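The values are calculated or read from the model by the stated rules, or taken from the named source; none is laboratory data. Small disclaimer: the values here were computed from a predicted structure and weren't measured. Counting neighbours? That spans all protein chains shown, and the Cβs are built from the backbone with ideal geometry, glycine included.
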Amino acid sequence: MALLELAGIRKSFGAIEALRGVSFAVSAGEVVALLGDNGAGKSTLVKIIAGEERASAGRILFDGAEVAFADQGEAKAAGIETVYQDLSLCTNLDVVANFFMGRELTRRVLGIPFLRDRAMEAETRRALEAGGTRIPRLGTSVEHLSGGQRQAIELNRFVHWGGKLVILDEPFAALGVEQTRRGLETIDRVRARGIGVILITHVMAQAFAVADRIVVLRHGSVVGDLRTDATTPDEVVHLITGGIERIGQPTTTQGEPA
Ligand SMILES: Nc1ncnc2c1ncn2[C@@H]1O[C@H](COP(=O)(O)OP(=O)(O)OP(=O)(O)O)[C@@H](O)[C@H]1O
Ligand SMILES: [Mg+2]
């Protein structure tokens, strides 16, 4: 059973049809690269999945049940999170404070809550190491870390607190070559822990380096849904630009025909 299943998702902004009946699925432990030209509808689609926007029509099944998230908080509580490069960490706080944001461990002394700093630091260190990330000083405020380190903290935090589906919208746009390579490795490790990943990128090499499947959007419709090992960058470019009309069947049977 798929972790996420989209069936016939539509979204209009006034006269603009940004999504015209999008159907595809993401399994647990699968990385799906979502590709498409500027304006194809990628960000609109992931905003709908993450509860930031409401679809005009269509159904979303997550973890076996139909969902209609009212906002990002509800999606997050269900285990869906969007990771942008810098946005969701508090840069003036240290790594541990960010890791435990809203989930701080406390102990009461005479009825007064005290933060359990050492326990939180140890748990943060364990969680980061389990995800293959080493940050020497966890008391460092996040503003002094690199973009890649911030991303690794976000991803590991998400895994640690029981996240199930992570959406990355152009996560490497501001990163250098080495940081991007490490970011792709982090995605590999997240997948190995059974999490579903949707990766939006304009860089074909990144999609082919890490994705199990490639879904191509063009003008708000899915025009390709392909296993990465059964296609080529060339073919995908043609799907993106319209040089090839459409390949592959939608992965869902519940939606209207894509
Ligand atoms: N809030 C909005 N109001 C009106 N139109 C919108 C809104 N958001 C998106 N659109 C339109 O919907 C279409 C899809 O936009 P979207 O941002 O999803 O594209 P994208 O695939 O993410 O593109 P890019 O690669 O440039 O990020 C575009 O025509 C865009 O102008
Ligand atoms: Mg976008």
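Find all pairs meeting these conditions: Cβ atoms under 8 angstrom apart; at least six residues apart or on different chains; first residue within segment 44-59 and within 16 Å of G14 (Cβ to Cβ) and in contact (Cβ under 8 Å) with a residue 12 or more places away in the chain; second residue within 16 Å of ligand 2 (Cβ to nearest atom) and assigned to a loop (DSSP other than H, G, I, E, B).
T44/E53
Mind checking whether some residue in segment 100-108 is under 30 Å from R54 (Cβ atoms) and among the small types (G, A, S)?
Yes: segment 100-108 contains one or more residues that are under 30 Å from R54 (Cβ atoms) and among the small types (G, A, S).
Quick one: count up the residues across segment 188-236 that are charged (D, E, K, R) and assigned to a strand (DSSP E or B).
4
I'm trying to understand the selection: among the residues of segment 188-203, which are modelled with pLDDT under 90 and touching a strand residue (DSSP E or B) at 6+ places or on another chain (Cβ under 7 Å)?
Listed by number, the list holds a single entry, V190.
Specify the residue that is modelled with the highest pLDDT; the eligible residues are those in segment 154-178 that are within 16 Å of ligand 2 (Cβ to nearest atom) and over 13 Å from the mean Cα position of the chain (by Cα).
A173
Picking from G196, G220, G224, G163, which residue would you name as being in contact (Cβ under 8 Å) with a residue 40 or more places away in the chain, within 16 Å of ligand 1 (Cβ to nearest atom) and crowded, with 19+ Cβ neighbours inside 10 Å?
G220
Could you tell me which numbered condition V31 fails, if it satisfies all but one of (1) closer than 20 Å to Q151 by Cβ; (2) modelled with pLDDT of 95 or more; (3) within 16 Å of ligand 1 (Cβ to nearest atom)?
(3)
Among the strands (runs of 3 or more DSSP E) contained in segment 81-187, which hold 3 or more residues that are among the aliphatic types (A, V, I, L, M)?
165-169
Which of the following residues is within 16 Å of ligand 1 (Cβ to nearest atom) and out of contact with any Asp or Glu (no Cβ under 9 Å at 6 or more places or on another chain): E66, E53?
Exactly one of E66, E53 is within 16 Å of ligand 1 (Cβ to nearest atom) and out of contact with any Asp or Glu (no Cβ under 9 Å at 6 or more places or on another chain), namely E53.
Here is a list: R59, R20. Which entry is more than 29 Å from R103 (Cα to Cα), charged (D, E, K, R) and more than 16 Å from ligand 1 (Cβ to nearest atom)?
R59
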